[in-house]
Amino acid sequence: MADNRLGITNESKVTLAANTAATVASFIPGAGLVLGPLISIAGGVIGNFFKNQDQIKKIKREMDQQLAKRYSQTVFGSAIERLVSAMEQMVELGLKPNTPEFEEVLEQKLYPEIGYKKDCNIELWNPGIPGRPETRFKQAFINNSGIVTNAVGSFDLNNGPLWVKACKEIKTSALQHWAEQQQADILFQKSLEQEREDAKRKTITYLLMVGGAAILLSGFIIRQKKKLRAIKLKIKESKNA
Amino acid sequence: MHKNFGQAAGVALASVVGSLINVGSNVWTAIKADALAQEFQKKIENIDSAKEYTMYIASKVFSSGRKIIDLGQARPGTATFERLLQKELSPYMIYKGLCNADIYFPTNQGALGTKKLFGSFTREGGVSMAYPETGPVWAAKCKNALDDLDVYYISGQKDRAKFERAEEVMVGTGGLSLAAKFGGGVLILALLMMALTTQRRVVSKLQAKAES
């Protein structure tokens, strides 16, 4: 393993040891001329081997870091997704977004799940080990200005502004939805009133028409009765004559 | 001199052998690195597939819940609803309630015991057996589905209330209109009958007058 603090790798240790041994061996009478170079060559081979091992380990480490970052981003993305559905639910329950009551209820609902606090602040929960809720930990704190503090592990600091932007957009959308619902309710009430007024108007119009017809018919009946009386009188007079 | 020449040849040979070993080691490292990269790429693809599958299974929570609501069987968030949801989701998972579940791999319909466990998921986003990334995905999608079911239920209730209110208004105004039409019709009919009777009497009297 490489000691990264001092930048000393296994390869450099072996090379140094081999070169030192080679230098010392070269002073041995007779065999020194052969032993020195051989030790140096062997040192080079072993050093190269360790260098390759370190390279493989580095690749594996980078892959693990990439996986950890992906996981961290998935947790973050899931938190934003929760925000959308939760706000929709609050709006459907009749709460107006961007009010203290709305924020209170939203925090009560989402803090245990994702760590949401009022006004787009969040202490982002990491799930921890399944079956052991005590292993949950706070991955980062993001305030409503987008500043990330207390970030743990491979949490991307660029997520701060992303979170704030997403949170505000979701709230705006929720407020718009709430306003549309209110408008729809008002329009519905108006349409019912309109319907009632229309029905009343139609009934009055019908009654006026019936009244007019009744007056005409009554007038006709009265006239015919008078005529009948006159005819009866004339018949009676002609009989008397 | 011969001895020195032998020594030089030995050193040269060792140097060549050393170089060959280094080249071999480097080639092996390059192959290993390439294999690791390919393995990693495959792993990423598998993780993405697993996430897709998790999202698909989570969508079943909403569709099954909506079926329960449409049949008027229970309200979301109640113990009855959770029990019914567990039954509806049994082909895909052992749903333990509140988004805790043991999810199966997709399998053909087979004999009992052929289902293979994909992963055990918790409400907090933890997961065992499946890739860790699927845990938060499941938690978010499942909880969203339950919230969406609540929204679906509430909006259904609101629509029903609106319909009943509209029906009330229509029945009220319709009844008034019907009464007015009935009364007006009866009045007109009565007056018409009277008019016809009177006219017939006038005609018969005129005929009697003409004969006399």
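FYI, it's all coordinate maths here, none of it is from the lab. Bear in mind that the values here come from a model prediction, so they are computed numbers and not experimental data. Positions of Cβ are generated from backbone atoms using ideal geometry, with glycine treated the same way; all protein chains shown enter the neighbour counts.
Miscellaneous remarks
- The C-alpha radius of gyration of region A:146-241, expressed as a fraction of 2.2 N^0.38 Å, stands at 3.22.
- Loop sites in region A:37-107: trypsin sites (Lys or Arg not before Pro), DSSP, at most 14 other Cβ within 10 Å: none
- Net charge, A:Ile142 excluded, C-beta distance under 12 Å - Lys, Arg +1, Asp, Glu -1: 0
- Near B:Ser64: Cβ cut-off under 13 Å, other residues only, Lys/Arg at +1 and Asp/Glu at -1. The net charge is +1.
- By the combined test of axial Cα extent (at least 24 Å) and Kyte-Doolittle hydropathy (mean at least -1.0), the qualifying DSSP H helices of chain B come to B:2-70, B:134-211.
- Calculated diffusion of chain B, Stokes-Einstein form, Kirkwood radius summed over Cα pairs, 10 °C and 1.306 mPa s, µm²/s: 62 µm²/s
- Sparse-neighbour loop sites [trypsin sites (Lys or Arg not before Pro); region A:169-241; at most 15 other C-beta within 10 Å; DSSP]: none
- Shape of the protein assembly as shown, Cα gyration tensor, a/c cut at 1.5: prolate
- Rounded to the nearest 20 debye, the dipole size of chain A about its Cα centre is 2840 debye, using +1 on the Cβ of Lys and Arg and -1 on the Cβ of Asp and Glu.
- Listed by chain and number, the lysines whose C-alpha is less than 23 Å from the C-alpha of A:Lys58, apart from same-chain residues fewer than 8 away, are A:Lys13, A:Lys69, B:Lys32, B:Lys42, B:Lys43.
- Neighbour counts of C-beta atoms inside 10 Å place B:Phe40, A:Phe102 in the sequence B:Phe40, A:Phe102, starting with the fewest.
- Local electrostatic count, A:Leu95, Cβ distance below 10 Å [Lys/Arg +1, Asp/Glu -1]: -3
- Computed on chain A, with alpha-carbon pairs under 8 angstrom and 6+ residues apart, the relative contact order is 11 percent.
- When the alpha carbon coordinates of chain A are projected onto the principal axes, the ranges are 187, 34, 33 Å, largest first.
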